[in-house]
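Below you'll find the structure, written out as structure tokens, and then a few comments.
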Amino acid sequence: MGLFNKAEQKVPILLLIITVVVIAMATMAAVTFAMGDKPPATASKVSLSPVPVAEPTQPQVETFVKMADPEIPPLAPLGPPPIPADNPMSDAKVALGKLLYFDPRLGGDASISCATCHEPEQGWSFAEGISRGYPGTVHWRGSQPVLNAAYYNKLFAAGSTPSLESQAPSAARGGVAGNGENDIMEARLRLIPDYVNRFNDVFGEPWPTINNAWKAIAAFERTLVQRDTPLDKYLLGDKTALDDQQLRGKVLYEGKARCILCHNGAFTTNEKYYNIGVPRAMRWEEDGLAQVTFRFEQYAKGTTEEMYRTIKDDAGLYYRNKNKWSMGKFRVPTLRYTKYTAPFMRQGQFYTLEEVIDFYDRGGFDEEGRTTSFPETKTPLIQKLGLSDEEKDDLLTFIEALSGDEILMDKPKLPPYKPLFTRAELQTAQVEK
Amino acid sequence: MVAIVTTRQCFLAVTLGVGLAIAGQVVAAPEIGPLPVLKVNEARAELGKRLFFDKRVSGDVGVSCATCHEPENGYANKDALSKGYPGNKHFRNAPGLINTAHKKVWMHDGRIGTNLNDVTREMITEDYIMNMDMRIMQERFKQDPLYVEMFEAAGLGEPSNGGVRKAIPEYLKTLTSRGSPFDKGTMSASAKRGMKLFKGKAGCVACHNGPVFTDGKAHNTGVKENFDVWLDPQRHQAFIAYAAFMGIKNYMNLKRDPGAHLQKHAADGSDMGRFITPSLRELKYTAPYMHNGMSKTLADVVGFYNRGGDNDRNKDARIKPLKLGKTEQKDLVAFLLALSGEPLTSSKHVWQEAYPVEYPVIANWLNVPN
């Protein structure tokens with residue numbers, strides 16, 4: 001890639017040494033792991049090489065998990081989502097947020113709403129690898145599912161924003177997303193009498209403001225949660241909620257398949273950042289419009305001239321901290337509701353959960369042997385798993401148990417514009433001017 | 001009585017509210033006459049021409065500059081109020097762009113008085129006009145092999161938003177009036193009588209002076225509001241966005257166009273409703289008239305001034321009934337029409353080739369620099 005100079009190539013060696021030391025001091029392993037995006041120390045049978053291992057190992061994951069137990073929150077039933085103190089919930093706010101979520105007037109040319117790229121029928125996401133984007137553009141990543149998004153500490157694939165309240169405007173305003181400006185979107189809301197009444201009722205201010213619109217949308221999104229999956233029921237005591245195959249899958253999930261290392265806790269994610277070896281999206285090589293957006297993103301996210309000219313993949317967390325060890329790292333997503341949110345990975349590199357499992361089984365390679373564009377940062381947590389076909393099946397049925405029924409929603413009827421002044425009022429003003 | 005004073009004195013007089021009590025200081029306005037010839041970089045103007053008619057300059061590729069500035073209408077528009085960006089509409093009349101390169105101040109409210117590079121940027125990026133993130137535009141044009149060639153030929157390197165902002169103004173230089181009866185000395189007897197009125201009894205030349213027929217200053221002439229600005233929520237929303245952004249007080253209740261008020265924000269509102277004097281060249285093609293398209297014909301415009309404008313407490317004291325007879329009014333219209341030249345609608349000024357419908361894929365993408 002030409003992005004790493006020689007001085008930086010010393011870093012893997014340094015980390016290797018550190019890692020060896022850490023292994024000698026096994027008690028430190030869990031601490032290092034907890035830091036997430038640092039190459040972690042792992043159990044003695046786990047390969048130290050940051051590049052994929054040559055042959056399948058049979059890591060003593062059970063041992064590893066046991067050792068790291070205090071650091072790995074177990075799977076748990078999902079509780080209610082956190083509600084920020086500065087945006088309390090109310091039925092009226094949620095009802096308003098629902099209307100706004102589906103209203104295309106909160107976008108540049110009033111043609112696309114939040115729901116256009118986060119469709120209830122498409123897993124509250126968008127069923128293409130790369131999202132459709134604003135008219136005249138295409139996005140450069142897949143849409144993140146909005147369902148259950150309320151549990152994330154950081155939103156977007158690389159965690160670039162800290163709340164639903166700040167995610168909504170980033171999406172509504174982004175040039176390849178909503179491309180709306182605050183002033184015109186706010187003005188539109190003020191010319192819709194039903195919104196004027198509702199905003200006044202909910203927020204106690206004379207006019208709708210755009211920031212309150214984001215708050216209402218965030219409140220609506222906090223109702224889009226699923227807490228009654230088979231796994232939740234099982235963990236709450238209904239031992240019939242998972243069948244034998246799913247229970248075998250659960251053992252694999254928590255052991256041999258190593259999923260639990262990152263996809264842990266009630267929300268099935270530690271919300272840390274890793275490069276797991278997902279290969280570059282093919283679309284950038286095949287679609288001129290996607291190439292336009294690819295370069296725009298490099299420009300817009302603040303890269304060096306050299307990087308703008310040479311980079312050929314999504315650098316993920318790097319854009320946030322400009323640390324080369326963050327290249328190609330993305331936040332661990334939840335596995336909840338994934339039954340409905342295909343395709344998977346940041347640019348939809350995999351169409352099915354089967355493909356995803358195969359990818360992990362191969363140690364972070366796709367079926368053609370492709371892997372990350374940033375091998376320097378690939379996490380050693382990803383190893384060949386040596387799963388049998390039966391085991392893969394078991395794992396799949398368990399992962400499907402992390403999704404309940406599909407949650408659908410009818411699009412609401414949107415309130416119309418109305419002139420703010422009557423002709424008579426304008427005539428009076430004309431005479432008096 | 002016609003008072004011809006310097007524009008500076010006009011401004012002072014109006015500001016101080018002392019009307020025309022400065023008759024002793026009357027001096028000549030800049031002479032009306034032919035336009036100077038502008039030096040044009042051909043390659044750059046050709047690039048600007050392609051850009052001007054290219055919808056990819058707008059956010060959702062729905063509109064080009066020419067959507068509102070149409071060649072057959074003198075690069076203005078038949079609509080009283082301009083189309084604006086899809087999803088909203090505009091709240092003012094699209095001004096004609098012929099001779100815009102000869103001006104020193106732009107926009108009906110004069111908010112941009114620097115150069116056309118800045119005006120171009122404002123039009124492309126303003127959310128209710130073209131709503132373009134210019135960083136995306138730049139990458140679009142890097143993906144168009146003909147643009148890559150044309151930017152290079154124009155000495156602008158690879159396609160860039162800065163390059164666009166240089167090329168479009170260069171093209172606008174080519175939109176210069178040529179061949180009007182006034183410039184060629186072929187005016188009719190009626191038009192000649194009209195010119196005499198223009199400079200004399202009708203007093204037009206006080207503000208419409210110099211080769212472009214504008215003093216580049218803002219005046220309140222008492223034009224009625226166009227209620228469609230407020231009765232159509234899609235226009236009103238753009239108006240609200242504009243007024244809020246410009247810091248106009250009480251913008252939600254505003255029922256008049258503040259115009260150049262945004263330049264100084266006079267606390268008493270006495271500068272409300274001033275608009276930059278428009279050029280009078282090419283009016284044959286640019287109806288309707290006024291900043292809000294409230295005058296459909298030139299006869300309407302002359303009638304408006306003949307009755308001393310309409311009511312406005314801030315109206316310039318020089319706008320008074322002119323007492324022109326019917327023939328005089330016709331002569332004045334004849335003179336105004338004599339300021340229009342040949343239409344600029346041929347391929348010399350209009351990009352006529354089709355634009356690509358797709359961005360061709362860059363082959364061997366992995367191995368070539370971005």
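Just so you know, all these numbers are worked out from the coordinates, no wet-lab data involved. Note that the structure is predicted; figures quoted are calculated from it, not measured. Cβ atoms come from the backbone with ideal geometry, glycine included; neighbour counts cover every protein chain shown.
Within 10 Å, Cβ to Cβ, of B:L146, how many net charges do the neighbouring residues add up to if Lys/Arg are +1 and Asp/Glu are -1? Mind showing how you got there, number by number?
Working: positive: B:R50; negative: B:D144, B:E149, B:E353.
Here the charged neighbours net out to -2.
Express the relative contact order of segment A:91-221 as a whole percentage, based on alpha carbon pairs under 8 Å and six or more residues apart in sequence. All intermediate terms of the calculation are to be shown ahead of the outcome.
Values: 211 pairs, mean separation 40.9, N = 131.
Normalised by residue count, the contact order of segment A:91-221 is 31 percent.
List the residues whose amide H sits under 5 Å from the amide H of A:K154, counting only those 5 or more places along or on another chain, with H placed 1.01 Å from N in the peptide plane.
The list, which skips near neighbours in sequence, is empty: none.
At 7 Å along Cα-to-Cβ for each site, give me the label-to-label distance between A:D366 and A:T304 in nm.
Taking the two extended label points, one gets 2.9 nm.
For segment B:61-96 and segment A:247-261, what is the separation of their C-alpha centers, rounded to whole Å?
For segment B:61-96 versus segment A:247-261, the Cα centre distance is 62 Å.
Give me A:E355, B:E225 sorted ascending by neighbouring Cβ count inside 10 Å, so fewest comes first. Walk me through the numbers on the way to the answer.
Details: A:E355 17, B:E225 20.
Neighbour counts put them in this order, fewest first: A:E355, B:E225.
Add +1 for every Lys or Arg and -1 for every Asp or Glu among the other residues with Cβ under 12 Å from the Cβ of B:E122, and state the total.
Residues close to B:E122 contribute a combined charge of -1.
How about A:K250: which aspartates and glutamates have a C-alpha closer than 14 Å to its C-alpha, ignoring those fewer than 8 places off in the same chain?
A:E62, A:D232, A:E390, A:E391, A:D393, A:D394, A:E400
If I stretch the segment between A:E121 and A:E425 completely, what's the gain in nm (0.36 nm per residue apart, minus their alpha carbon distance), one decimal?
Details: separation 304, 0.36 × 304 = 109.44 nm, distance 4.55 nm.
Contour length minus Cα-Cα distance gives 104.9 nm.
Which residue, chosen from B:S64, B:P95, B:A43, occupies the Cα position most advanced towards the positive end of the dipole of segment B:42-177, where the dipole is computed from +1 (Lys, Arg) and -1 (Asp, Glu) charges on Cβ about the Cα centre?
B:P95
For B:N115 and B:L38 in the same chain, what is the full-extension length gain: residue separation times 0.36 nm, less their Cα-Cα distance, in nm? Intermediate results must be reported in sequence, preceding the final value.
Numbers: separation 77, 0.36 × 77 = 27.72 nm, distance 1.49 nm.
Gain on stretching B:N115 to B:L38: 26.2 nm.
Which lysines does B:K320 reach when only Cα atoms under 20 Å apart count, and residues fewer than 8 places away in its own chain are ignored?
The qualifying lysines are A:K433, B:K196, B:K199, B:K201, B:K217, B:K224, B:K330.
Mind sorting B:H219, B:H349, B:H265 by how few other Cβ atoms lie within 10 Å of their own Cβ, fewest first? Intermediate results must be reported in sequence, preceding the final value.
Working: B:H219 24, B:H349 17, B:H265 14.
Ranking B:H219, B:H349, B:H265 by Cβ neighbours within 10 Å, fewest first, gives B:H265, B:H349, B:H219.
Along the charge dipole of segment B:160-201, which of B:T174, B:F198, B:N161 sits closest to the positive end, that is, farthest toward it, with unit charges on the beta carbon of Lys, Arg, Asp and Glu (+1, +1, -1, -1)?
Of the candidates, B:F198 comes out farthest on the positive side.
Applying a 10 Å radius around every beta-carbon, put B:160-167, B:243-250 in order of their mean neighbour count, most first. Don't skip to the end; give the middle numbers.
Details: B:160-167: 21.1, B:243-250: 14.8.
Most protected by this proxy first, the peptides run B:160-167, B:243-250.
With the contact rule set at Cα under 8 Å and sequence spacing of 6 or more, what percent relative contact order holds for segment B:42-177? Intermediate results must be reported in sequence, preceding the final value.
Details: 229 pairs, mean separation 45.1, N = 136.
After rounding, I find 33 percent.
Might you report the magnitude of the Cβ-based charge dipole of segment B:224-361 about its Cα centre, with Lys and Arg at +1 and Asp and Glu at -1, to the nearest 20 debye?
Values: 19 positive and 16 negative charges, 131 e Å.
That gives a dipole near 640 debye.
What is the spin-label model distance, in nm, from B:S347 to B:K55 if the labels are put 7 Å beyond Cα along the C-beta direction?
Here the modelled spin labels are 2.3 nm apart.
Taking the beta-carbon count within 10 Å as an exposure proxy, list A:Y337, A:Y234 from fewest neighbours to most.
Details: A:Y337 22, A:Y234 19.
Neighbour counts put them in this order, fewest first: A:Y234, A:Y337.
If the cut-off is a Cα-Cα distance under 16 Å, which lysines reach A:K93, setting aside same-chain residues fewer than 8 apart in sequence?
A:K215
Counting only other residues whose beta carbon sits under 9 Å from that of B:R165, what net charge do I get with K and R as +1, D and E as -1?
Around B:R165, the charge tally is +1.
With the cut-off at 28 Å, tell me which of the pairs B:K249/B:K296; B:K255/B:K284; A:K301/B:K49; A:K154/A:K322; B:K264/B:K296; B:K284/B:K323 have Cα atoms farther apart than that. Walk me through the numbers on the way to the answer.
Numbers: B:K249/B:K296 31 Å; B:K255/B:K284 31 Å; A:K301/B:K49 31 Å; A:K154/A:K322 18 Å; B:K264/B:K296 31 Å; B:K284/B:K323 24 Å.
Pairs exceeding the cut-off: B:K249/B:K296; B:K255/B:K284; A:K301/B:K49; B:K264/B:K296.
Amide H to amide H under 5 Å from B:I112: which residues, 5+ apart in sequence or cross-chain, H placed 1.01 Å off N in plane?
B:W106
Just tell me how shielded B:354-366 is by partners: mean number of partner chain Cβ atoms within 10 Å of each residue's Cβ, no decimals.
Working: counts 0, 0, 1, 0, 3, 6, 2, 8, 6, 1, 1, 9, 6.
Across B:354-366, the average partner-chain Cβ count within 10 Å equals 3.
Let me know the shape class of the protein assembly as shown, please: from the alpha-carbon gyration tensor, a ≥ b ≥ c as square roots of the eigenvalues, rounded when a/c is under 1.5, otherwise prolate if a/b is greater than b/c, or oblate. Please list the in-between numbers first.
Working: a/c = 3.23, a/b = 2.15, b/c = 1.50.
Here the protein assembly as shown falls in the prolate category.
I need to check one value: relative contact order of segment B:180-337, counting alpha carbon pairs closer than 8 Å and at least 6 residues apart, in percent. Don't skip to the answer; put the middle values down first.
Numbers: 219 pairs, mean separation 54.7, N = 158.
Relative contact order, segment B:180-337: 35 percent.
Please compute, for the alpha-carbon atoms of segment A:91-221, the extent along each of the three principal axes and give them in descending order in Å.
42, 32, 26
What whole number of Å gives the distance from the Cα centroid of segment A:285-315 to the Cα centroid of segment A:94-152?
Here the two parts' Cα centres lie 23 Å apart.
Using only DSSP helix segments of four residues or longer, with each worth -39500 (n - 2.57), what per-residue ellipticity at 222 nm results for the protein assembly as shown after dividing by its residue count and rounding to 500? Could you put the intermediate results ahead of the total?
Numbers: 32 runs with 289 residues, N = 803.
Rounded to the nearest 500, the figure is -10000 deg cm²/dmol.
Name all residues of segment A:351-375 having a backbone nitrogen under 16 Å from the label point set 7 Å from the Cα of B:L366 along its Cα→Cβ direction, giving them as ranges.
Correct set: A:365-375.
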